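The values are calculated or read from the model by the stated rules, or taken from the named source; none is laboratory data. Since the model is a prediction, treat every value here as computed from it, not as a measurement. Cβ atoms come from the backbone with ideal geometry, glycine included; neighbour counts cover every protein chain shown. SASA here: full protein model, heavy atoms, side chains in, ligands and nucleic acids out. Shrake-Rupley method; radii C 1.70, N 1.55, O 1.52, S 1.80 Å.
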Amino acid sequence: MTNVEIIKDFYASDNYRDLSYVDNLMDDSISLEWNSSVGQFTYNKADVMKLSKELFENYTDSKIEILNLFGESNSVAVHYNYFASTIENPSEMVLITKIMVIWEFKNGKIIKGHQISVLG
């Protein structure tokens, strides 16, 4: 699988909600730099795993709408909308956030991410 195919599979097939999949995809030394509408954060692997777990626990269902996806060398950029249904209203999918992220790969694992997000 190419890096672009790995990222497409990660988002399109709901693998971002599978903690073991996330754990295997991310290198132990991963660093995610995230500029969000509430501030700037830097996450290590434990932080990314905690965030993935929280997303899984806080939303009954979710989906990602990929708007743009392309790669060059060891980097893949993906622009997407993240929709989820809350525990309080499981029958309605709501746009939670709009995200643009560039993932950097080494030896088939993600080693770095640069992410920008705004609330939906």
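Restricting to Cα atoms and excluding each atom paired with itself, what does the Kirkwood estimate give for the chain in Å? Spell out each step's value before the answer.
Details: mean 1/r = 0.0685 Å⁻¹.
About 14.6 Å for the chain.
If you put +1 on each Lys and Arg Cβ and -1 on each Asp and Glu Cβ, how big is the dipole of the chain around its Cα centre, in Debye rounded to 20? Let's see the in-between values first.
Working: 10 positive and 17 negative charges, 47 e Å.
Charge dipole of the chain: 220 debye, to the nearest 20.
Given a 1.4 angstrom probe, I'd like the percentage of the accessible area of the chain that is carbon and sulfur, rounded to a whole number. Could you put the intermediate results ahead of the total?
Numbers: 3560 of 6910 Å².
After summing per-atom areas, the C and S share lands at 52 percent.
I'd like to compare 2-15, 64-77: which one has the highest average count of other Cβ atoms within 10 Å, and what's the full order after that? It would help to have the intermediate numbers written out before the result.
Details: 2-15: 16.0, 64-77: 13.9.
Sorting 2-15, 64-77 by mean packing, highest first, produces 2-15, 64-77.
Using only the alpha carbons of the range 50-120, what is the convex hull's orientation-averaged projected area in square nanometres?
Values: hull surface 21.2 nm².
Mean projected area for the range 50-120: 5.3 nm², to one decimal.
What number, rounded to the nearest 500 deg cm²/dmol, is the helix-based mean residue ellipticity at 222 nm of the chain, given -39500 (n - 2.57) per DSSP H run of at least four residues and division by all its residues? Kindly include the intermediate steps, with their values, before the conclusion.
Working: 3 runs with 31 residues, N = 120.
Taking each H run of at least 4 residues, the total per residue is -7500 deg cm²/dmol.
Rounding to the nearest 10 and keeping the result within 0 to 90°, find how far the Cα-based axis of helix 3-12 lies from the longest principal axis of the chain.
10
How far apart, in nanometres, would the label points at Ile66 and Asp9 be if each is projected 7 angstrom from Cα along the Cα-to-Cβ direction?
Spacing of the two 7 Å Cα→Cβ label points: 1.2 nm.
What is the set of long-range amide H partners of Ile110 at a cut-off below 5 Å, with H atoms built 1.01 Å from backbone N?
Residues meeting the criterion, in which the H sits 1.01 Å from N, are Met26, Asp27.
With θ set to phi - 60° and the Karplus curve 6.51 cos²θ - 1.76 cosθ + 1.60, what are the ³J(HN,Hα) couplings of the range 26-39 in order, to the nearest whole Hz, using x for Gly and Pro?
Values per residue, Gly and Pro as x: 8, 5, 4, 9, 4, 10, 10, 9, 10, 9, 10, 5, 10, x Hz.
Using the alpha-carbon centroid of each, what span in Å lies between the range 1-60 and the range 65-120?
Taking the Cα centre of each part, the range 1-60 and the range 65-120 sit 9 Å apart.
Give the whole-number value, in cubic angstrom per residue, of the convex hull volume spanned by the C-alpha atoms of the range 23-84. Show your work: numbers first, answer last.
On the way: hull volume 7.4 nm³, N = 62.
Measuring per residue, one finds 119 Å³ for the Cα hull of the range 23-84.
Using a probe radius of 1.4 Å on heavy atoms only, what accessible surface per residue do you get for the range 31-120? Whole Å² is fine.
On a per-residue basis, 59 Å².
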